[in-house]
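The values are calculated or read from the model by the stated rules, or taken from the named source; none is laboratory data. The structure displayed is predicted, hence computed values, not measured ones. Glycine also receives a Cβ, built like all others from the backbone with ideal geometry; neighbour counts cover every protein chain displayed. Surface areas here come from the heavy atoms of the whole protein model, side chains and all, with no ligands, DNA or RNA. Shrake-Rupley method; radii C 1.70, N 1.55, O 1.52, S 1.80 Å.
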Amino acid sequence: MSSPKEQDKHKGSKGEVSRRGFLEVTSAGGAAAATVVLDQPAGAQSRTQAGARIAGPGPVAITLNVNGKMLKVSVEPRETLLDTLRGPLDHTGAKRVCDRGTCGACTVMMDGKSVYSCTVLAIDAQGSKIETVEGLTADLKNDALVNAFVEHDAQQCGYCTPGFMVAAKMLLKETPKPTYAEVKAGLSGNLCRCGTYVGLRNAVLGAAQGGRA
Ligand code: FES
Ligand code: FES
C-alpha cells in the first residue's frame, strides 16, 4: 500500500483525487484504496478509507482561474485542461495537435510556469492560476513580442503560434535579455513542422531588445 505521503501528491487543492492519481495509487499496491467503488452516479463523491474524496467518474463541478477570472465548469475527471479550455470554456488559443505532450501547441502557463495543457487534468488545475495566450496577449497592438513576431515573419500557421507565444513569454519573463542559445533552448519544447525556427528566435531576441533586432 502506498504511503500517505505518496497519496498526498495525487490530491488536488481540495483534497480530491483525480482518476489518474487514483489509478497510480492503486497500481502501487493500495489494497485498501482498491475497495473504493468508482461506478457511482454523476457528480457523486465518495471517500477512501483514508478519508480522501474520490471525484467522478461522472461530471463534477469545478472552478478554474483562467486569465484572472474564476470560471465554473462541469467536467469529467478524465478531461484534460486543454479540452476544458477549448470546449466549455471557449478559450481556443491553445491548440490540440499531438495531444500527447510532444509538440507544445497546447502550452499555457500554470502558476507562472509553462505546461502542456494536454497533459494536465482539468480537475487537477483547480487552485492554480492559468494564463492562456488570450490573456497573455490581451493588448495585441502594444505587445512587443506580438509585434516582433510580425516584424520577423516568425510563423506561418495558426496551430503552433499560440504555443510558441506562451513559451516565448515564459522565456522572456525568466530571462529578459536572452542570448541566441538561450532562446533556442527556451523554445525547444515547441515544434514547428515547417521550420520557421530562425524567424522565431530572432523575434524573441527582437522583443528582448526593444524590437530593434
Ligand atoms: S497538443 Fe499538447 S503537446 Fe501537443
Ligand atoms: S508555422 Fe506552424 S507548424 Fe510551422
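Descriptive notes on the structure:
- Residue within region 140-150 that is under 16 Å from THR84 (Cβ atoms), of a type outside the set (Phe, Trp, Tyr) and in a helix (DSSP H, G or I) present: no
- Filter result for VAL204 (open to solvent by less than 20 Å² (accessible area, probe 1.4 Å), in a helix (DSSP H, G or I) and at pLDDT 95 or above): yes
- Taken over region 58-70, the criterion of being open to solvent by 40 Å² or more (accessible area, probe 1.4 Å) and either free of Cβ contacts under 8 Å to residues at least 24 places away in the same chain or not assigned by TED's automatic domain parsing to the domain that holds ALA105 (or both) is satisfied by PRO59, ALA61, LYS69, MET70.
- Within region 146-189, considering residues that are of a type in the set (A, V, I, L, M) and out of contact with any helix residue (DSSP H, G or I) (no Cβ under 8 Å at 6 or more places or on another chain), the one surrounded by the fewest Cβ atoms within 10 Å (Cβ to Cβ): ALA181
- Selection count, region 126-145, where residues are open to solvent by less than 30 Å² (accessible area, probe 1.4 Å) and over 18 Å from VAL73 (Cα atoms): 4
- Cβ-Cβ contacts under 6 Å between residues 6 or more apart (or on different chains), taken from a first residue in region 92-108 that is closer than 20 Å to MET170 by Cα and more than 6 Å from ligand 1 (Cβ to nearest atom) to a second residue that is among the basic types (Lys, Arg) and not in a loop (DSSP other than H, G, I, E, B), are listed as THR92/ARG86.
- Filter result (open to solvent by 10 Å² or more (accessible area, probe 1.4 Å) and assigned to a loop (DSSP other than H, G, I, E, B)) within region 94-125: LYS95, ARG96, VAL97, CYS98, ASP99, ARG100, GLY101, THR102, ASP111, GLY112, VAL120
- Matching entry among MET170, MET165 (being within 16 Å of ligand 1 (Cβ to nearest atom) and closer than 17 Å to ASN142 by Cα): MET165
- Region 71-91, residues that are away from ligand 1 (no atom under 13 Å from the Cβ) and surrounded by 23 or more Cβ atoms within 10 Å (Cβ to Cβ): VAL75, PRO77, THR84
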